[in-house]
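Novice: One structure coming up, written as structure tokens, with questions to follow.
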Amino acid sequence: MAEPKAANRTKIRVGLAGKTVEKEVEVAAGDAPPLAEGQPRRVFGSRRPRLDGRFKVTGRAVYAHDVRREGLLHGRILRSPHAHARIVSVDTSALAKIPGVVFELLEKKEVRYQGDPILALAAPSLAAAEDALHAVAVNYEILPHVVDLEEAMKDLAPLVFEKPVAERHTAGDAPGGGGALPQKGNIRGPRASGRGEKNLAKLFADADGVVELTVRTQVQTHACMETHSSFAEWKGDELHVVASTQGVFSVRDELAEVFHLPKDKVHVTAAYVGGGFGSKFGAGDYGVFAAKLAKKAGRPVRLILDRKEDQLAAGNRPDSLNRMKAAYRKDGSVTAFSYASFGTAGVATGAGTGAVVKNSYAFPNVAVEESDVFTNLGPGCAMRAPGHPQGTLAVEAVLDEIAARLTLDPLAVRLANDPVDIRRAEWERGAREIRWERRSALTAKNREAAAKGLPLRRGLGCAASVWYNIVSPGSQVIVRVHRDGSVEVENGVQEIGCGNPTTIAVTVAEELGLAPESVRVKWGSTAYPYGPASGGSTTTVSLIPAVRAAAWNAARKLAAIAAPLLGAQESDVVVGEGVFGAGGKTVSWKSVCAKLPGDVLVTTGDRAKDYDGTDPRLFGVQFAEVVVDVETGIVTVEKVVAVHDCGLPVWRTGVDGQIRGGVLQGISYALYEERHIDRRSGRVLNPNLEMYKILGAKDAPEIVPILIDVYTGKNNTHTRGIGEPATVPTSAAVVNAISHALGVRITEIPVTPARILAAVASRRKEVTA
Amino acid sequence: MTNGSRGVTRRGLLKGLATTAVAGAASGASALADDRKRPGEGTITVTVNGTPRPGVFAPRTTLAEALRETWGLTGTKIGCDRGACGACTVLLDGLAVNSCMTLVHDADGRNVTTIEGLGAPDALSPLQRAFVEADGMQCGFCTPGMVVSAEALRRRTPDPKPEEVRAALAGNLCRCGAYTGAIAACAGDRTGGSHG
């Protein structure tokens, strides 16, 4: 083995493409040199169809739901129908009479939400499993419940937990959090943070103006099209699992721990996963159940949550109540911002929304207090940019209110608080695309329409995005080049829709001078080297630099073989399309591969540590144009312009798709999605997809994704993520556009027709008063 | 259709009722004619992608379940099992139906086309190719249903208007939000989605 070489200090250019500046960075030994501005690229950063698309459009992509085996048992979970109850007894005696049924009873004395699991069983058919569930008799003693955020905050509210609750963290969560916090009644917190002055009172007293605003957001469920599911099969003392997961390695680690197995005896695969959005990081109780039942039965078990269970118990984005007070100067710049948030993740924690007010704009003095409130509802968990859509909706409403009070353009107020050059370029680009200069004329037209009694109003709104460059360390990649010239690349990362098979192939193809279609990617299994979880916008940034390093190492080895054929020095050999070249001569890829000394060339690549320096934030801005019918209350989003940066995009089609998807989820959140709960029984009335409304094809507006390329100077491909930032500002931009259309500040989502009509009525009252 | 015997659950009954409505709409009077086997009586035969598939099924078995569990055609997905998401869409005698809301007994003697019947990874149908080229998907779970709905539209309306495309896909939920690509693919615009 070669001696480890020292890292190289290299000068590179970083910043906005076209406006880069020189910077010295430390590149780890063995890592590929960072891509340079102006360096021609054939396929890296291109638009092209996703490589696994042909399996998806033909139904040949196999998901956890689709796993079939001889002798398969079907798992089901018995869940509490009550919001809060003591379990007096569980009678499972009838199960003994049903052939082929195995079950696993949880040691549990109390259920705290509708959907809280009690027992899991497996039977030879779905119908038999369903019937077996009905054969179990549970005797409950109903306890008082609370299912409403503000009710749960009251002093005499029923207690969800008698004892303090610790916080869990997953790969999709925003950084920070954890640690001990006070817990009083159902309120855990506050967690205090901030920057600048500790005491804001003087700043509020000295301000040109002060805005106070309360903004509320509702719970949103992930509603992945593939419900949570797991297949488990024991072969001897080894566990084989096919999981619907955002992280095969985290599922493996968790199951290894549960079953006291070494990691090499737990095998998890997830080639295709039907969405996750933050809700599929761990093995899940369903995953543990499937493995336990399979062990008991000595047969494979597949456990698929039905849609009702999925909506009740498989995670959600917590709701929020954000109380804000901001002091500002006449130019719209904020001098102090006080922010208190409360939110319920049901029986879980993690409802904080305060990151945005600290990180999105350059407010000099910020005081944040975040509290979790427990309710008797299914646990919240990470959901695409945890806390950020909520916090953005809140902060951006305040900025629009400041603009309204100062009769300033809302965009001018943003710019007065936003010194970041990338973001400023994005504001400028987006404003041009949406034609923001129409805004004041639209205001006048809306007043005219109101005076004439016409129903339609048109509004424009904008909001900023913020997220973070988060790298999950440890990714490794193997590249194999065979003597016939074929290429394989291995990494365990799962495919949940982000397009990892395509980004991996594109990166390898760029380095080796090949077509991405000719690179065989092997993914979605713990049998391959470690890959990151898919979440938190960490996947591409954690993985792609390692992919490039592995391919770069292969290219260097092959260049050494090509050099004598070209009569050139190894260092002069360059990779072209299907060739190696030097001094005007070329040799073909195949002829070089044929000269490999062994049967196959194997190289590896590691994810080197990020280079130092540069802002760790990801930015972005979005602009929305809406039409509101004040007679029906119906909002039509006509257009969303989404300007984002994600370093250098690896595969532009995929980035566009992430942006479009993030925008649509944001619109769906702003306008349609709402969990309805019967307060008396504590039951969710719409745990389904017919009454829990998510956006459909008819509701999708024109979306214009625009990417600003940035040489981040953090890794060898300048890669960053995009999944979270794409959804952070959408709901805020849409709501601000609606407020503009109506001339009334909307402070609660979803903005249903009823809320629109109420807002219109409130304005009428104001005008007549 | 359902006979109130021990095996019939409330959910099964609801499904049966809803299926009657779907089948009635799809095939008119024939669904009401009493010339087919009653549920639970002997073997039924469903022609799936051109191949006759015999089987014996419990009355409550849905077409989706039969396709996936008995015949191994797992390209048809079950997202909600309640007719709300469209992931299970198949063609029943050429019309798009939710196979989770269709009892397999109601497909007896009829033709079913699933996603597997439209093309294969190395032999994509023109519409499947259009979905790939316009990137009308992300995770891909809703995609088979989406493609089948689009296929049903294109068979009856070869050159659909944009509003017809959106209406045809309105019953297919996509949580990733890949609608714009899917709409472009279904409309025959191969570059109007993510490549635009």
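Novice: Restricting attention to the stretch B:107-148, which residues are assigned to a loop (DSSP other than H, G, I, E, B), within 7 Å of chain A (Cβ to nearest Cβ), hydrophobic (A, V, I, L, M, F, W, C) and buried (at least 24 other Cβ atoms within 10 Å of the Cβ)?
Specialist: Across the stretch B:107-148, the qualifying residues are B:137, B:139, B:141, B:142.
Novice: Scan A:590, A:609 and give me the residue that is part of a loop (DSSP other than H, G, I, E, B), over 15 Å from residue A:732 (Cβ atoms) and either aliphatic (A, V, I, L, M) or out of contact with any helix residue (DSSP H, G or I) (no Cβ under 8 Å at 6 or more places or on another chain) (or both).
Specialist: None of the others qualify; the one that does is A:609.
Novice: Taking interchain pairs and intrachain pairs at least six residues apart, which have beta carbon atoms under 9 angstrom, with the first residue in the stretch A:219-230 and more than 8 Å from chain B (Cβ to nearest Cβ) and touching a residue at least 60 places away in the same chain (Cβ under 8 Å) and the second surrounded by 24 or more Cβ atoms within 10 Å (Cβ to Cβ) and among the basic types (Lys, Arg)?
Specialist: So the pair list comes out as A:219/A:317; A:220/A:317; A:221/A:317; A:228/A:280; A:229/A:302; A:230/A:302.
Novice: Out of curiosity, is residue A:541 more than 14 Å from chain B (Cβ to nearest Cβ), more than 30 Å from residue A:661 (Cβ to Cβ) and at pLDDT 95 or above?
Specialist: no
Novice: Is it fair to say residue A:65 is touching a strand residue (DSSP E or B) at 6+ places or on another chain (Cβ under 8 Å), closer than 30 Å to residue B:124 by Cβ and buried (at least 22 other Cβ atoms within 10 Å of the Cβ)?
Specialist: Answer is yes for this residue.
Novice: Then there's this: When residue A:348 is evaluated against the numbered criteria (1) crowded, with 24+ Cβ neighbours inside 10 Å; (2) in contact (Cβ under 8 Å) with a residue 60 or more places away in the chain, which criterion, by number, is the only one it fails?
Specialist: (1)
Novice: Suppose we filter A:557, A:595 for residues that are farther than 30 Å from residue A:436 by Cβ, free of Cβ contacts under 8 Å to residues at least 40 places away in the same chain and of a type in the set (Lys, Arg); which single one remains?
Specialist: A:595
Novice: Another question, if that's okay. Run down A:219, A:266 and say which single residue is surrounded by 17 or more Cβ atoms within 10 Å (Cβ to Cβ) and out of contact with any helix residue (DSSP H, G or I) (no Cβ under 8 Å at 6 or more places or on another chain).
Specialist: Step by step, each of A:219, A:266 is checked, and only A:219 is surrounded by 17 or more Cβ atoms within 10 Å (Cβ to Cβ) and out of contact with any helix residue (DSSP H, G or I) (no Cβ under 8 Å at 6 or more places or on another chain).
Conditions tested, residue by residue: (1) of a type outside the set (Ser, Thr, Tyr); (2) in contact with a Pro (Cβ under 6 Å, 6 or more places away or on another chain); (3) assigned to a strand (DSSP E or B).
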residue	(1), (2), (3)
A:9	yes, no, yes
A:12	yes, yes, yes
A:19	yes, no, no
A:25	yes, no, yes
A:32	yes, no, no
A:41	yes, no, no
A:54	yes, yes, no
A:58	no, yes, no
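Novice: Residues of the stretch A:532-583 being more than 42 Å from the chain's Cα centre (by Cα) and crowded, with 24+ Cβ neighbours inside 10 Å, which ones?
Specialist: Within the stretch A:532-583, just A:562 meets the criteria.
Novice: As an exercise: evaluate residue A:596 against (1) more than 23 Å from residue A:664 (Cα to Cα); (2) not in a loop (DSSP other than H, G, I, E, B) and give the number of the one condition it does not meet.
Specialist: Residue A:596 satisfies every listed condition except (2).
Novice: Output the number of residues of the stretch A:691-706 satisfying the condition of being part of a strand (DSSP E or B) and more than 7 Å from every other protein chain (Cβ to nearest Cβ).
Specialist: So the count comes out to 4.
Novice: Same structure, new question: Report whether or not residue B:159 is more than 24 Å from residue A:304 (Cβ to Cβ) and out of contact with any Ser or Thr (no Cβ under 9 Å at 6 or more places or on another chain).
Specialist: yes
Rundown of residues vs (1) out of contact with any strand residue (DSSP E or B) (no Cβ under 9 Å at 6 or more places or on another chain); (2) part of a loop (DSSP other than H, G, I, E, B); (3) of a type in the set (Asp, Glu), yes/no style:
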| position | (1), (2), (3) |
| --- | --- |
| A:94 | no, no, no |
| A:107 | yes, yes, yes |
| A:115 | no, yes, no |
| A:130 | no, no, yes |
| A:138 | no, no, no |
| A:141 | no, no, yes |
| A:145 | no, yes, no |
| A:151 | yes, no, yes |
| A:154 | yes, yes, no |
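Novice: Another question about this same structure. Just a yes or no: is a residue in the stretch A:672-690 of a type outside the set (Ser, Thr, Tyr), buried (at least 24 other Cβ atoms within 10 Å of the Cβ) and in a strand (DSSP E or B)?
Specialist: yes
Novice: Tell me, which residue of the stretch A:491-513 that is within 14 Å of chain B (Cβ to nearest Cβ) and hydroxyl-bearing (Ser, Thr, Tyr) is surrounded by the fewest Cβ atoms within 10 Å (Cβ to Cβ)?
Specialist: Residue satisfying both the conditions and the ranking: A:502.
Novice: Do we find that residue A:750 is surrounded by fewer than 24 Cβ atoms within 10 Å (Cβ to Cβ) and in contact with a Leu (Cβ under 8 Å, 6 or more places away or on another chain) in this structure?
Specialist: For residue A:750, the condition - surrounded by fewer than 24 Cβ atoms within 10 Å (Cβ to Cβ) and in contact with a Leu (Cβ under 8 Å, 6 or more places away or on another chain) - is met.
Novice: Which one of A:127, A:94, A:83 is at pLDDT below 95 and small (Gly, Ala, Ser)?
Specialist: A:127
Novice: At least 3 residues that are without any contact (Cβ under 8 Å) to a residue 12 or more places away in the chain and out of contact with any helix residue (DSSP H, G or I) (no Cβ under 6 Å at 6 or more places or on another chain) in each: list the helices (runs of 4 or more DSSP H) lying fully within the stretch A:406-484 that qualify.
Specialist: So the answer is A:421-434, A:439-452.
Novice: Okay, next question. Out of all the residues in the stretch A:532-565, which are within 21 Å of residue A:721 (Cβ to Cβ), β-branched (Val, Ile, Thr) and part of a helix (DSSP H, G or I)?
Specialist: Across the stretch A:532-565, the qualifying residues are A:539, A:540, A:541, A:544, A:547.
Novice: Filter the stretch B:149-172 down to residues that are of a type in the set (D, E, K, R) and either in contact with a strand residue (DSSP E or B) (Cβ under 6 Å, 6 or more places away or on another chain) or at the interface with chain A (Cβ under 9 Å from one of its Cβ atoms) (or both), then give me how many there are.
Specialist: Residues flagged as of a type in the set (D, E, K, R) and either in contact with a strand residue (DSSP E or B) (Cβ under 6 Å, 6 or more places away or on another chain) or at the interface with chain A (Cβ under 9 Å from one of its Cβ atoms) (or both) within the stretch B:149-172 amount to 2.
Novice: With the checklist (1) closer than 30 Å to residue A:37 by Cα; (2) more than 8 Å from chain B (Cβ to nearest Cβ) in hand, flag the one item residue A:653 doesn't pass.
Specialist: With respect to (1) closer than 30 Å to residue A:37 by Cα; (2) more than 8 Å from chain B (Cβ to nearest Cβ), residue A:653 is out only on (2).
Novice: Here's something else I'd like to know. Look through the stretch A:294-315, keep the residues that are buried (at least 23 other Cβ atoms within 10 Å of the Cβ) and in contact with a helix residue (DSSP H, G or I) (Cβ under 9 Å, 6 or more places away or on another chain), and return whichever of them is nearest to residue A:684 (Cα to Cα).
Specialist: A:313
Novice: Got a number for residues in the stretch A:368-394 being part of a helix (DSSP H, G or I) and over 17 Å from residue A:278 (Cβ atoms)?
Specialist: 2
The values are calculated or read from the model by the stated rules, or taken from the named source; none is laboratory data. Only a predicted model underlies this, so the values are computations on that prediction, with no experimental measurement involved. No Cβ is skipped: glycine too gets one built from the backbone with ideal geometry, and neighbour counts run over all protein chains shown.
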